[in-house]
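*Asks:* Input: one structure, supplied below.
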Amino acid sequence: MKNKPYPLYSLPQISDLKDMVCRRTAESSDEIAFSFAAGAGKTARRTFKEFSDDINAFGTYLFSKGYHNSHIALIGKNSYEWLVAFLAIVNGGNVAVPIDKNLPSEKVCELLKQSDCCAAVVSKKGAALITEAENVNSFSTLCFSEYIAEGKKLIEKGNHEFLDFEVSPEKLAAIFFTSGTTGDSKGVMLSHKNMASDINAACKNFILEGNTLSVLPFHHTFGLITAVFKVYHYGFATHLNSSLKNLQAELREVKPQTLFVVPLFVQTFYKSIFNTAKKNGKEKLISRASKISNTLLNVGVDIRGMLFQSVMEAFGGNLQNIICGGAALDPKYVKALRTFGINVLNGYGITECSPVISVNRNHYWRDGSVGQILEGCSVMIAEDDEILVRGDNIMLGYYKDEAATKAVLNDGWYATGDLGRVDEDGFLYVTGRKKNLIILSNGENVSPEEIEEQILRDDAVCEAVVYENKGSLAVQIFPSEEFAGNQEYFENLIKNYNKDQPQYKHIQRVLLKDEEFEKNSTKKILRFKVTEQNHI
């Protein structure tokens, strides 16, 4: 590994998602695009041509049913059918509206109405969620083979309406709802140009060199645009994880070269590795190697060969890269995993930015940063340290919400709400969330995320949230299993933290939780639900 600047990677540039499908089909027709569990221990595979044919068939079927310029929701678990439906919708000039299948029925129906959906592609669970929705027709993924068959017959009879449809890159293509951590949901409007420009730019920063396994939800832009469409654009295969309980087995079967995940997965991998090491009596060796990982980059493969073969096999034996985004990640995990050959590259993205803004590169990174800013994406740090972004990847606005749109878009600059800085080498660092800033009675501003990062370095801490309580700082901690209920340990941990901090950053109160903090679907803690009552 060489940690120094080098030229951007080069891939053909796409103008829209239909262009993406056509180019990849032409170049990789008979290669595998997707694989997925097909029941009874079997794995189904689809080539790039088969995927394209299915998109064209379902798109033609929708056209034949009168869906033109219509808003069509997608509600269900990650699946091959979900991906076919999304691209059939947007590549035919309709608007796709992905909705989280884990929301309550009342909320799902509310979002359907909010986004003016007249139809929905639904799984069995999704169908149950929309029974109370008014004027919404449904297409079940259980009947997908029938829709595809009918669409193919129409094409054979000369119906080329969908095939000949020309996409307008600037027009609205999809509405993604923000999950946020404040309880509200806004419909982010993305065009083909938004999504295509982000795919083009992100693929210049990071090059994929093997297959992947998809674990993130498709109703979020990171899980769909970054973890699936960018892999598709590279021309590599994606295996669709059937469920998290089958993740270990599928990792061993698929042997992915790269994973796209949120920090929770990285932390879980880290713990799994050390638990495996404990069983093999190699924990101390791993710990020692992790501490000096930066000086062992050139011999990391040898160390892995000596110590970590059984651990690596648990992840398929071929894992080289983990692209991590969605929340902050402690550098200790990055350094530890790098020790035995897994390069964790942190990135930064927001739904409103389609979503990637920056990402560390294959051979050029800064631990603790979220990487180098994408080409064509401008970042400016405001006087109050807020990160502002401008570029072709910036959303059209929030659906039917002018006030919210004006609040974040000014002269093309999108106000992210995140605080950060850019170093002399062009690496972006996110230091906190503007709305999470704690303003104490003495006028001092405290970023809780910066304090939490330090507390989370202790392996006894699984999760931590710092907040204001009666004019001073408090922390709630969800401890690891072996330290559960050990108030004395954590009081001492915070006492040691306070020793090195100015008085206004001292934590005065420590509360332990007996369960994880409540999170949204991207595994971000819902801070607005953290209260003094939410503890043991």
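*Asks:* If you count the DSSP beta bridges with both ends in segment 1-143, what percent of them are antiparallel, to the nearest 5?
*Replies:* If I count the DSSP bridges inside segment 1-143, around 30 percent turn out antiparallel.
*Asks:* Next question. Amide H neighbours of residue 433 under 5 Å, counting only residues 5+ apart in sequence or on other chains, H built in-plane at 1.01 Å?
*Replies:* 419, 449
*Asks:* Dipole of the chain, Cα-centred, from +1 at each Lys and Arg C-beta and -1 at each Asp and Glu C-beta, to the nearest 20 debye?
*Replies:* Approximately 1300 debye in magnitude.
*Asks:* So for the chain, taking the charge dipole from beta-carbon charges (+1 Lys/Arg, -1 Asp/Glu), which of 340, 267, 493 sits furthest toward the positive end?
*Replies:* Positive-most Cα among the choices belongs to 340.
*Asks:* Give me the percent of the accessible area of segment 79-156 that comes from carbon and sulfur atoms, probe 1.4 Å, all protein chains in place.
*Replies:* Its accessible area is 50 percent carbon and sulfur atoms.
*Asks:* Going through the DSSP H helices of the chain, which span 15 Å or more along their own axis at the Cα atoms while scoring at least -0.5 as a mean Kyte-Doolittle hydropathy?
*Replies:* Span-like helices, by this rule, are 48-64, 80-90, 144-156, 263-280.
*Asks:* Any chance you could run the full-extension gain for residue 244 through residue 43? It's 0.36 nm times the residue separation minus the Cα-Cα distance, nm to one decimal.
*Replies:* Full extension from residue 244 to residue 43 adds 70.7 nm.
*Asks:* In whole percent, and with a 1.4 Å probe on the protein chains, what portion of the accessible area of segment 16-60 is carbon and sulfur?
*Replies:* It is 46 percent, rounded to a whole number.
*Asks:* While we're here: Give the shape of segment 42-197 as rounded, prolate or oblate, defined through the alpha-carbon gyration tensor: a ≥ b ≥ c are the square roots of its eigenvalues, a/c under 1.5 means rounded, and otherwise the shape is prolate if a/b is larger than b/c and oblate if not.
*Replies:* Prolate, since a/c reaches 1.5 and a/b exceeds b/c.
*Asks:* Something else: Per residue, what accessible area does the chain have, given a 1.4 Å probe and all protein chains present, in Å²?
*Replies:* That works out to 44 Å² for each residue.
*Asks:* Quick check on my link table: of 171/434; 107/529; 245/332; 125/435, which ones sit more than 28 Å apart, alpha carbon to alpha carbon?
*Replies:* Correct reply: 171/434; 125/435.
*Asks:* How about segment 98-163: which trypsin sites (Lys or Arg not before Pro) there lie in a loop by DSSP and see at most 10 other Cβ atoms within 10 Å?
*Replies:* Sites meeting the loop and neighbour criteria: 157.
*Asks:* Sticking with this structure for a sec: Want the number for residue 69 to residue 378: 0.36 nm per residue separation, take away the alpha-carbon distance, what's left?
*Replies:* 108.0 nm
*Asks:* Per-residue counts of other Cβ atoms within 10 Å, averaged by peptide: what ranking do you get for 248-255, 70-77, highest first?
*Replies:* For the peptides 248-255, 70-77, the packing ranking is 70-77, 248-255.
*Asks:* Tell me the net charge near residue 506. Cut-off is 10 Å between Cβ atoms, residue 506 excluded, with +1 for each Lys or Arg and -1 for each Asp or Glu.
*Replies:* +3
*Asks:* How much of the DSSP beta bridge set in the chain is antiparallel, as a percent to the nearest 5?
*Replies:* Percentage antiparallel, nearest 5: 55.
*Asks:* Calculate the spin-label point distance for residue 442 paired with residue 207, positioning each point 7 Å from the Cα along the beta-carbon direction, and give it in nanometres.
*Replies:* Going by the 7 Å Cα→Cβ label model, 5.3 nm.
*Asks:* Just to be sure I understand the curve: with the Debye formula and one point per C-alpha of segment 415-536, what is log10 I(q)/I(0) at q = 0.10, 0.16, 0.18 Å⁻¹?
*Replies:* Each listed q corresponds, in turn, to -0.32, -0.82, -1.02.
*Asks:* OK, next. For n ≥ 4 DSSP H runs only, could you compute -39500 (n - 2.57) per run for the chain, divide by its residues and tell me the 222 nm figure to the nearest 500?
*Replies:* Rounded to the nearest 500, it is -9500 deg cm²/dmol.
*Asks:* Right, here's the next one. Working out 0.36 nm times the residue gap between residue 164 and residue 105, then minus their Cα-Cα distance, what length gain in nm do you get to one decimal?
*Replies:* Extra length from residue 164 to residue 105 when fully extended: 17.5 nm.
*Asks:* How large is the dipole of segment 396-513 about the Cα centre if only Lys and Arg carry +1 and Asp and Glu carry -1, each at its Cβ, rounded to the nearest 20 debye?
*Replies:* 560
*Asks:* Cross-link candidates for residue 152: which lysines have Cα within less than 24 Å, leaving aside residues fewer than 8 places away along the same chain?
*Replies:* Result set, ordered by chain and number: 18, 49, 65.
*Asks:* With the cut-off at 1.5 for a/c, could you classify segment 29-89 from its C-alpha gyration tensor as rounded, prolate or oblate?
*Replies:* The shape class here is oblate.
The values are calculated or read from the model by the stated rules, or taken from the named source; none is laboratory data. Because the structure is a prediction, the values reported are computed rather than measured. Note that each Cβ is placed from the backbone with ideal geometry, even for glycine, and that neighbours are counted across all protein chains shown. Heavy atoms of the whole protein, side chains included, go into the accessibility calculation; ligands, DNA and RNA do not. Shrake-Rupley method; radii C 1.70, N 1.55, O 1.52, S 1.80 Å.
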